[in-house]
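Q: Below you will find the structure I want to go over with you.
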Amino acid sequence: RAVGHLGPDLLGPDWDPDLALANLLKDPARPLGEALLDQRNLAGVGNVFKSELCFLLGVTPWLPVGDLPADRSAKLPGLAKKLLEFNRERPIRNTTGRRGQDLYVYGRARRPCLRCRTPLRVAEQGDGSRERPTYWCPTCQPGPAPTTTR
């Protein structure tokens, strides 16, 4: 009963990528970043992986989840699982596969993008209950973004 409301667990034995994707797409107008953090959709993605997944998918976290191109939405659940499995036993999160450059965007505001060298941005994102810092590259991740950034 304590976890019955949660979506499929990315690291659980009952992982169901099709259900996770269907859950994410239930509210097509919802920003992707908010949908990824909603543990009722899929359980396990936190704020760091939200920003990193959006970077790897090449879209801003403010893109309505229903506007995510089909080829990218199809690979989203598998990519999320891969990132969490890769980091399961690591004390320091890594999404790049490189030592010393562990994350593409998270925590790197105003520093150059590892792909294109554009300064990375950060802004708050949330559903009103809790705002969270969200990082992205305005060049590598085209799409909707807030005008007010830090």
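Q: Can you tell me the relative contact order of the chain? Whole percent, Cα pairs under 8 Å, sequence separation 6 or more.
A: RCO, the chain: 23 percent.
Q: Right, here's the next one. Amide H neighbours of Ala43 under 5 Å, counting only residues 5+ apart in sequence or on other chains, H built in-plane at 1.01 Å?
A: Sorted by chain and number, the residues that satisfy this are Gly7, Asp9, Leu10.
Q: Considering only protein heavy atoms and a 1.4 Å probe, what is the carbon-and-sulfur percentage of the accessible area of the chain? Please list the in-between numbers first.
A: Working: 3980 of 8020 Å².
Here carbon and sulfur together make up 50 percent of the probe-accessible area.
Q: Find how much the distance from Ala109 to Lys26 grows on full extension, using 0.36 nm per residue of separation minus their present alpha carbon separation; answer in nm with one decimal. Display every interim value, and only then the final one.
A: Details: separation 83, 0.36 × 83 = 29.88 nm, distance 3.14 nm.
Fully extending the segment from Ala109 to Lys26 adds 26.7 nm.
Q: What is the spin-label model distance, in nm, from Thr96 to Cys116 if the labels are put 7 Å beyond Cα along the C-beta direction?
A: 1.7 nm
Q: Could you state the accessible area per residue of the chain in Å², with a 1.4 Å probe and every protein chain left in place? Can you show the working numbers first?
A: Working: 8020 Å² over 150 residues.
With all protein chains present, the chain gives 53 Å² per residue.
Q: Here's another thing I want to ask about it. Where a Cα-Cα gap under 22 Å defines reach, which lysines qualify for Lys26, not counting those fewer than 8 residues away within the same chain?
A: Within reach: Lys50, Lys75, Lys81.
Q: Right, next: Rounding to the nearest 10 and keeping the result within 0 to 90°, find how far the Cα-based axis of helix 47-57 lies from the longest principal axis of the chain.
A: 80 degrees
Q: Another question about this same structure. Can you list the HN-Hα couplings for the stretch 88-97, worked out from phi with the Karplus curve (6.51, -1.76, 1.60; θ = phi - 60°), rounded to whole Hz and with x for Gly and Pro?
A: 3, 9, 8, x, 10, 5, 9, 10, 9, x
Q: Checking the a/c ratio against 1.5 first, then a/b against b/c, what shape does the Cα gyration tensor give for the stretch 29-150? Spell out each step's value before the answer.
A: Numbers: a/c = 1.34, a/b = 1.04, b/c = 1.30.
Here the stretch 29-150 falls in the rounded category.
Q: Relative to the longest principal Cα axis of the chain, at what angle does helix 70-87 sit, 0 to 90 degrees, rounded to 10?
A: The two axes meet at around 90 degrees.
Q: For the chain, what is the calculated [θ] at 222 nm in deg cm²/dmol (nearest 500), taking -39500 (n - 2.57) for each run of four or more DSSP H residues and dividing by its residue count? Mind dumping the intermediate values first?
A: Values: 4 runs with 44 residues, N = 150.
One gets -9000 deg cm²/dmol as the mean residue ellipticity at 222 nm.
The values are calculated or read from the model by the stated rules, or taken from the named source; none is laboratory data. For clarity, every value in this text was computed on a predicted model and none was experimentally measured. All Cβ positions, even for glycine, are placed from backbone atoms using ideal geometry, and neighbour counts span all protein chains on display. When the accessible area is computed, the model is the full protein with side chains, heavy atoms only, and any ligands, DNA or RNA have been set aside. Shrake-Rupley method; radii C 1.70, N 1.55, O 1.52, S 1.80 Å.
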